[in-house]
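Okay, so here's the structure we're looking at.
The values are calculated or read from the model by the stated rules, or taken from the named source; none is laboratory data. Worth saying up front: this structure is predicted, and the values here are computed from it rather than measured. Cβ placement follows ideal geometry from the backbone for every residue including glycine, while neighbour counts extend to all protein chains displayed.
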Amino acid sequence: MLDSLVATAPGLHRRRFVVAPILAIATVGLVLALGPAASASAATSASAGGARSIVTHYGGGTLTIAAGQTVSSVFAVGGKVVIAGTVRHTVVGVGTRVVLEPGAVVGAAHTSGDTSLALVGGSLTKQTGAVVTGRSTTLSSSQVTAAWQAAVVAPISHVFGTLSLIIWVALTILYALLAVALAALAPRQLAAVGQRINARLLPTFGWGLLITVVIVPVVTLLLVASIIGLLALAPWGVVVLAVYAVGAVAIAALLGEALTRRLGGRVGIVLAALIGVVVIRLVELIPYVGSVVSALLAILAFGAAAMAFWDWRRGSGGAASVRLSGARRADQDTGQQRAA
């Protein structure tokens, strides 16, 4: 019955398809909460009889509404319910096997538009001579799962999917702003990092792997293990992020420059960095491939920035030594001229 409703009126009956099990489960939950107040046990309620009694049944075993007995409603979770008497209003079962024997009447006080029987994940056996006034709704386990997916999982996935997109856009904008700032303020440094990658790609990647896998984790653990080191943990984190940022922006600028050159154009380092950022962020969206590319670029960024800084330090030291030696020779020449 439910399948035909969904097939004939998808928009309207999908809502019913989603709401029906939720209402049934909510009703059962309310009965479970108030059940002890309604009756001490299923057997007591059933034996007490009466048109106003609500019969509840939990767990295994069998609940029987005998012939000639009249109750208001039946709520069952699990087990088996055998009805040979009269239920004036509704029978609700969750994971329950319901058997309507000859002479059973369900929904005696209902009209044809009311729901008299609702089963969630259970089964119904209606023998000849049993009467159900009103509608019967039976949801199989697969239908319950589909309703759960539609009512709960899909909306949550949609929210988190939208949230992920917002986070991706925000991070991309942040990456782009950082690229513009570094390209405008430190173009020579970024060019030096790019030259390091072009000149010695594999050694640079090797150093990046060593820094990422060994040096950064070991230093971080050593700082965490000591009280004095905890004070240096924040500056250390700033240094690590700065090294990564310089390397990542340099890679983006290098990629953007290579792409524009391949297309026959030539742009400045700021625009090249922006182009590279957009391309990298789009590639990172590709399932599986994006994660691998992101990890490889991070390793290369650490290696390129660290090694470029090392080269700069060595060059500065060498230049300082040359200047110092030249000054000493000039002083010696001046002294010799004065002595002569």
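If we only count helices (runs of 4 or more DSSP H) wholly inside segment 198-262, which ones have 1 or more residues that are at pLDDT below 90 and within 20 Å of Arg188 (Cα to Cα)?
Output list reads 201-210, 233-262.
If I ask for residues that are hydroxyl-bearing (Ser, Thr, Tyr) and either modelled with pLDDT under 85 or assigned to a helix (DSSP H, G or I) (or both), which ones from segment 127-180 would you list?
Ser136, Thr137, Thr138, Ser140, Ser141, Ser142, Thr145, Ser157, Thr162, Ser164, Thr172, Tyr175
Tally up the residues in segment 98-121 that are at pLDDT 90 or above and under 42 Å from the mean Cα position of the chain (by Cα), please.
Residues that pass the stated criteria total 1.
May I ask you to say which residue of Gly113, Gly134 is at positive phi and free of Cβ contacts under 8 Å to residues at least 60 places away in the same chain?
Step by step, each of Gly113, Gly134 is checked, and only Gly134 is at positive phi and free of Cβ contacts under 8 Å to residues at least 60 places away in the same chain.
Evaluate the following for Arg281: is it at pLDDT below 90 and either surrounded by 15 or more Cβ atoms within 10 Å (Cβ to Cβ) or of a type outside the set (S, T, N, Q) (or both)?
No: the conditions fail for Arg281.
Could you check segment 52-75 and list, in sequence order, the residues that are touching a residue at least 24 places away in the same chain (Cβ under 8 Å) and either within 22 Å of Leu139 (Cα to Cα) or not in a strand (DSSP E or B) (or both)?
The answer is Thr56, His57, Tyr58, Ala67, Phe75.
Considering each of Leu230, Leu223, Leu202 in turn, give the residue that is free of Cβ contacts under 8 Å to residues at least 60 places away in the same chain and touching a Gly at 6+ places or on another chain (Cβ under 9 Å).
It is Leu223.
Each row is one residue, and each column tells you yes or no for (1) out of contact with any strand residue (DSSP E or B) (no Cβ under 8 Å at 6 or more places or on another chain); (2) within 19 Å of His57 (Cβ to Cβ).
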position	(1), (2)
Thr90	no, yes
Val99	no, yes
Ala109	yes, no
Ser112	no, no
Val120	no, yes
Thr133	no, no
Gln149	yes, no
Val153	yes, no
